[in-house]
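Worksheet: the structure to be examined is printed underneath.
Throughout, read-outs are computed from the coordinates displayed, never taken from laboratory work. The structure presented is a predicted model; accordingly, all values stated were derived computationally and were not measured. FYI the Cβ positions are ideal-geometry reconstructions off the backbone, even for glycines, and counts take in every protein chain you see.
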Amino acid sequence: MSGTNTTSGATPTHYQIAVGSLNPVKIDAALEGFRSVFPGATFSATGVLANPGVDSQPFLDGMALLGAWNRAQHVLRLCPDADYWVGIQGGVQWDPYGLNTGEGNGYSGQLQAFSWVVVLGGDRGELMGKSRTVTHYLPSDVTDLMRFGYDLGSAHYRAHRGIDYNPTDGSVGLLTHGIYGREESYIHAIIMALIPHRNPTVAF
Ligand SMILES: O=P(O)(O)OP(=O)(O)OP(=O)(O)OC[C@H]1O[C@@H](n2cnc3c(O)ncnc32)[C@H](O)[C@@H]1O
């Protein structure tokens, strides 16, 4: 069912997106991403509580990807009549590279933050696209709190005593002083995850 109807004069085809989250930032971002990629179609998006099947703040890239995939698969089961199924899962990871400045083995001790996005399409979710948001590095006070089990949002909130931290803009919005927000980061990853859906005859 992926595709667009751009025939002039014809009613645009309408597609339903099911997003595996009740978070409005994720739902709005999914809608915006689909509208950008398929301007000839119309979309509506519904958020559904989905089980990521991983920790609420996975500490590994692959676990965040699994969380996004699990959310997409769960929402596919819950909303089989939708046209697309989206899972978005935030995660962090200890920077495996850093720079070897001669003071260690290159391990920087910094935490990277990012989210994975999985978009399923096709009749039964057999067509999958995925992408990761941009990565940003976390301040050391936030990192220290996360070592003790705080999730990213709570760690920022505590480190900044609630001042300036707004969950809608998230960590990335706070640290870029509003230049780049959480929704924007999701929109860009949705657009990338839609590449296989935008090119359904190409093998990926
Ligand atoms: O209801 P769900 O869909 O679980 O939404 P969530 O906001 O908990 O989102 P995630 O599980 O994907 O994200 C894990 C945590 O990362 C937090 N977070 C803070 N800043 C973020 C940012 O810039 N980008 C992504 N996640 C961020 C978010 O508030 C969560 O505590």
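Below, the figures for the structure above:
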quantity	calculated
Ordering of 35-46, 109-120, 10-21 by packing [mean C-beta count within 10 Å, highest first]	109-120, 10-21, 35-46
Phi to ³J(HN,Hα) by Karplus 6.51 cos²θ - 1.76 cosθ + 1.60 over the range 21-31, Hz, x for Gly, Pro	5, 9, 6, x, 4, 6, 5, 5, 5, 4, 4
Beta bridges per DSSP with both ends in the chain, % antiparallel, nearest 5	65 percent
Neighbour-limited loop hits for trypsin sites (Lys or Arg not before Pro), the range 142-204 (at most 10 other Cβ within 10 Å; DSSP other than H, G, I, E, B)	R161
Relative contact order of the chain, pairs being alpha-carbon contacts under 8 Å that are 6 or more residues apart, as %	20 percent
Computed lengthening from L49 to L78, 0.36 nm per intervening residue step minus Cα-Cα distance	9.5 nm
